[in-house]
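Engineer: Can you keep this structure in mind? I'll have questions shortly.
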Amino acid sequence: MSSAEAPPREPAVSKGDDRLVRRSPARRLLGRPELGSVVGAVAVFVFFSVAAEPFLRASSLSTVLYASSTIGIMAVPVALLMIGGEFDLSAGVMVVSSALVSSMFSYQMTANTWVGVGVSLLVTLAIGVFNGFLLTRTKLPSFLITLGTFFMLTGLNLGFTKLISGTVSTKTIADMEGFASARALFASHLTIGEVDVQITIVWWVVLVAVATWILLRTRVGNWIFAVGGNADAARAVGVPVTKTKIGLYMGVAFAAWVSGQHLLFSYDAIQSGDGVGNEFLYIIAAAVGGCLMTGGFGSAIGAAVGAFIFGMTSKGIVYAQWNPDWYKFFLGAMLLLATLLNAWVRKRAEEKA
């Protein structure tokens with residue numbers, strides 16, 4: 001047979017090239033980081049549906065969603081930060097700092113409330129830049145950097161509030177110009193049928209959608225996963241590691257600003273000592289949602305589901321008329337169980353890949 005008549009050669013395909021391997025829907029599902037949290041959410045929902053009769057009422061589910069949103073707004077950017085391989089232990093008190101700046105600036109300057117809101121945004125973003133800049137410059141662990149920021153903000157919150165107002169809480173700004181419109185954006189509620197839906201739920205859904213789009217549809221999302229997987233390797237292939245990490249801390253700061261304004265315009269006055277310990281709720285929600293502590297793996301949707309589990313647990317205990325002192329126990333138990341489940345799911349996904 002002449003060379004002209006020889007059958008064409010099949011192209012050589014490397015069996016190790018994952019891009020050319022077609023995965024079944026089941027394998028793709030096992031590879032999703034939020035799978036474990038979804039299974040956990042279904043289990044918690046079914047449990048409280050049986051254990052607490054009021055749990056399934058529309059008004060109760062609205063309350064659960066509201067509780068979930070107050071954690072979820074912060075858990076989403078914290079999840080992106082964890083995917084990028086870092087932590088922020090100052091996130092809880094940063095929320096209160098944002099509210100205090102907005103309230104005290106408006107009150108002391110006798111300015112339109114929106115002026116205080118704008119100044120608060122700039123200050124809060126500056127805190128995020130500060131965290132990211134120190135991290136990238138010093139190369140110290142984010143645990144230490146943000147722990148220092150946590151104590152600094154805790155002291156500043158209390159010190160400045162006492163210095164300016166003479167007490168540990170801010171003065172009322174409810175009678176100031178712009179308060180009503182600001183409340184409509186940050187602390188209003190929508191009535192759907194006979195159920196009140198808090199505006200924070202809308203903020204939460206929007207943040208989840210934007211974060212998911214960034215992670216899965218943009219170059220920045222690739223950078224976040226690359227930085228969290230191996231920062232040195234990412235830098236070697238041209239990923240702007242410094243800008244990516246600073247941007248992630250600014251994302252946490254922006255969410256803290258939103259949460260802080262919600263607190264201020266919901267309750268009018270802010271206690272300067274609030275917020276301590278909430279950073280662990282955000283981190284746990286992200287971890288329950290499938291984010292690895294080592295970075296490079298996770299999703300915004302998973303963090304949202306993790307926050308939803310917290311909302312169901314905190315309110316489900318109340319509806320079941322149990323002692324709320326057990327809430328912290330359930331938080332720890334959920335973290336351990338979710339971590340074990342996520343590790344098992346990830347292992348099975350790697351075995352089937």
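The values are calculated or read from the model by the stated rules, or taken from the named source; none is laboratory data. Everything numeric in this text was worked out from a predicted model, so none of it was measured. No Cβ is skipped: glycine too gets one built from the backbone with ideal geometry, and neighbour counts run over all protein chains shown. SASA here: full protein model, heavy atoms, side chains in, ligands and nucleic acids out. Shrake-Rupley method; radii C 1.70, N 1.55, O 1.52, S 1.80 Å.
Engineer: Quickly run through the range 292-304 and pick out the residues that are in a helix (DSSP H, G or I) and open to solvent by less than 10 Å² (accessible area, probe 1.4 Å).
Structural biologist: Listed by number, the residues that qualify are A300, G302, A303.
Engineer: Can you tell me which of V21, V50, V93 is aliphatic (A, V, I, L, M) and modelled with pLDDT under 90?
Structural biologist: After applying the criteria, what remains is V21.
Engineer: Here is a list of conditions, (1) modelled with pLDDT under 90; (2) open to solvent by less than 30 Å² (accessible area, probe 1.4 Å), and K171 meets all of them except one; can you say which number that is?
Structural biologist: (2)
Engineer: Testing I224 on (1) farther than 17 Å from S97 by Cβ; (2) surrounded by fewer than 23 Cβ atoms within 10 Å (Cβ to Cβ); (3) at pLDDT 95 or above, one condition comes back false. Which one is that?
Structural biologist: The one condition I224 does not meet is (2).
Engineer: A further question follows. Any residue in the range 148-164 that is under 13 Å from Q271 (Cα atoms) sitting within a Cβ distance under 7 Å of a residue that is surrounded by fewer than 16 Cβ atoms within 10 Å (Cβ to Cβ)? List the pairs, counting only those 6 or more apart or interchain.
Structural biologist: T154/V276; L158/V168; L158/G273; T161/V168; K162/V168
Engineer: Of the residues G296, G311, which single one is farther than 25 Å from Y66 by Cα and of a type outside the set (F, W, Y)?
Structural biologist: Result of the check over G296, G311: G296.
Engineer: Looking at (1) under 30 Å from L100 (Cβ atoms); (2) buried (at least 18 other Cβ atoms within 10 Å of the Cβ); (3) in contact with a helix residue (DSSP H, G or I) (Cβ under 7 Å, 6 or more places away or on another chain), can you tell me which one G273 breaks?
Structural biologist: Checking G273 against (1) under 30 Å from L100 (Cβ atoms); (2) buried (at least 18 other Cβ atoms within 10 Å of the Cβ); (3) in contact with a helix residue (DSSP H, G or I) (Cβ under 7 Å, 6 or more places away or on another chain), the one that fails is (2).
Engineer: Need pairs with beta-carbon distance below 6 Å; first residue farther than 15 Å from V78 by Cβ and free of Cβ contacts under 8 Å to residues at least 12 places away in the same chain and within the range 208-229, second part of a helix (DSSP H, G or I) and open to solvent by less than 60 Å² (accessible area, probe 1.4 Å); sequence gap 6+ or separate chains.
Structural biologist: G221/I214; G221/L215
Engineer: So in the range 137-147, with the set limited to residues that are open to solvent by less than 30 Å² (accessible area, probe 1.4 Å) and not aliphatic (A, V, I, L, M), which one is farthest from M293 (Cα to Cα)?
Structural biologist: Ranking the candidates gives T146 first.
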